[in-house]
Amino acid sequence: MGHIVLENVEKSFGEVTVIPPLNLEMEDGEFVVFVGPSGCGKSTLLRLIAGLEDVTGGTIRIDGQDATAVPPAKRGLAMVFQSYALYPHMTVRKNITFPLRMAKLDQAEQKRRVEQAAAVLNLTEYLDRRPGQLSGGQRQRVAIGRAIVREPSAFLFDEPLSNLDAALRVGMRLEISELHERLKTTMIYVTHDQVEAMTMADKIVVLQAGRIEQVGSPLELYRTPRNRFVAGFIGSPKMNFLEGPEARKHDAQTIGIRPEHITPSSSEGTWKGRVGVAEHLGSDTFFHVHMEECAEPVTVRSGGEVDMHHGDTIYLTPDVEQIHRFDDQGLRIG
Amino acid sequence: MATLHARSAARLMMAPAVVLLLGWMLVPLVMTLYFSFKRYLPLRGGDLGWTGFDNYVRFVTSSSFWPSVQATLIIVGGVLLITVVLGVLLALLLDQPMWGQGIVRILVIAPFFVMPTVSALVWKNMFMDPVNGLFAHLWKFFGLAPLEWLSQASLFSIILIVSWQWLPFATLILLTAIQSLDREQLEAGEIDGAPPLARFRHIILPHLGQAITIVILIQTIFLLSIFAEIFVTTQGSFGTRTLTYLIFQRVLESQNVGLGSAGGVYAIILANIVALFLMRIVGKNLDT
């Protein structure tokens, strides 16, 4: 179970409104990712669901029950913090047992659950160490272990991977996804990294300044972003935006085209430009192309073995089917 | 990491401080040891030659020796208990966001700046005086006979005065320790279902371990040698004669420098025993 509904939930700190009234529904077993630039209120929203902050208005329902005034411990949720928030003076075993001790479960059951969680997370050999003796990834797993043993109705993750190095982050991303596959529990995950959002989510919630810009599956957001903000936020490298005469040709204020939907050529194409920086990654090459028509360089993705370098003339052909059109409000047309 | 050259230069530059400190501590220590083996009565004949261990035997066999050790330990223990317990509670209180926090914090530190003599006199005359003291008025208000604090509850009175002086120190150190606690740990505890008391017991208190150890060790060093508070209140009567005060009486009131010096050496030994015990009990908190 883990069906969470937010009805007109709003939050302000004194005069400052962080989250204007907002409605959102999270289905049981769903992996929901809140994504947005820093300061967009995604962490605050998570803390409202956890009960660590009080809502200014609105209702939070968990499994049909009004949980707005229920204290955090009674909501049946578990949270993994950005700093892991492990108790430094307790061993890994004691850290993981702590919520069970507080719930006054009997010893045998405590032991069983801890061993089980440790086995799932490959922590068995580290049970008697202290957090200070563990690496970042291991600490992360302890924090997850502490969340799992409670058998919560939903997991809340607050930017859990942002303190890990890039290689470890990819590994933990997979582990969390696998955990979700296995447990089938609702997970709400906050991140500013759209790659994490795209790879892990069943449902992405894009937030900006406390407002929900769009809710949808990763591919929905990729294919039909509702506005310019979502279009620019989802996808890597970023979508290119062109204004002026090029946009007017398509009856729009702005047109957007993703780097992977432009075909570069050294001889012919719709647009002509000059290669600025060329990033050769092996599998892919990204060209930053300067064109006379627009101020910003246009990013183009191409295969790995393209022999074009700084200063070369380049011709670009956009895939007309994949052009996104936006009006003067930044909203999608068509 | 330093090169050989830099290291020898560092030694050279530290030398004056080391020599000064060494002289500062070594000279009095050697003089104390020297006098403790002498029969030295400044107003009754002066230096009367060596006496071997006579002074040591006399000091220890005197009927006031063990009571003075006991009084010293009771005062140190009592003050430590009060300052640490109240210090933790006050620090928790001051950590709460409240209006006028800055001013309250300055007020809390204030007693630390009052000289021991002055604070003891203020307590003696304004609070504990059986006729005019505030406590006397309070007792009378409730229809009770005023307590003669300094004679009827003499040790407790001294402990109270000294605790009042040292509470700010404990509070301040513990407050900074509480403020360095990661808030997410408390939130994690809250989500994990720990009620406030359990959060205090399992998260805050272990975090404060190191700070409490430092408070105990530093305070003990100073509390073993409190003097002014006793001098201006009970003058060592009613069972408040600590080892320090006993030495003072031997040297200045009995004018027996040799005997007092022997007492001084015992005081050093006592301090070391206490330090040894403390390090055994709380010292392990210092290495993390």
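Every number here is computed from the coordinates shown, using simple stated rules; none is lab data. As the structure is a prediction and not an experimental result, all values here were calculated from the model. Cβ atoms come from the backbone with ideal geometry, glycine included; neighbour counts cover every protein chain shown.
Side notes on the structure shown:
- Amide H partners (placed H, <5 Å) of A:ILE333, local residues excluded: A:ARG325, A:PHE326, A:ASP327
- A:ALA167 versus B:LEU73: modelled label distance in nm, points set 7 Å from Cα along the beta carbon direction: 5.9 nm
- Given R0 = 51 Å, the distance between the Cβ atoms of A:ARG129 and B:SER63 translates into a calculated FRET efficiency of 0.35.
- The charge dipole of region A:237-333, taken about its Cα centre with unit charges on the Cβ atoms of Lys, Arg (+1), Asp and Glu (-1) only, comes to about 160 debye.
- At q = 0.09, 0.10, 0.13 Å⁻¹, base-10 log of I(q)/I(0) for the protein assembly as shown (Debye sum, equal scatterers on each alpha carbon): -0.93, -1.03, -1.30
- Candidates A:SER135, A:VAL195, B:ILE203 compared by Cα position along the dipole of the protein assembly as shown: farthest toward the positive end lies B:ILE203, with charges placed on Cβ.
- Farthest toward the positive end of the dipole of region A:155-251, out of A:TYR222, A:LEU174, A:THR185, is the Cα of A:TYR222, where the dipole comes from beta carbon charges about the Cα centre.
- In chain B, helical runs assigned H by DSSP with n ≥ 4 each contribute -39500 (n - 2.57); averaged across all residues and rounded to the nearest 500, the mean residue ellipticity at 222 nm is -22000 deg cm²/dmol.
- Selected from A:GLY64, B:SER163, B:LEU121, residue furthest toward positive end of dipole (the protein assembly as shown; charges at beta carbon): B:LEU121
- Here each label is just a point 7 Å from Cα along the line to Cβ, and for A:ALA69 and B:VAL18 those points are 7.0 nm apart.
- For region A:114-140, the residues whose amide N sits under 20 Å from a probe point set 7 Å from the Cα of A:LEU174 along the beta carbon direction are A:119-124, A:135-140.
- Reachable lysines from A:LYS104, criterion Cα separation under 17 angstrom, eight or more residues apart if same chain: A:LYS74, A:LYS94
- Segment A:LYS272-A:ASP312, extension gain: residue separation times 0.36 nm, minus the distance between their alpha carbons: 13.3 nm
- Cα extents for chain B along the principal axes, largest to smallest and rounded to whole angstrom: 76, 75, 31.
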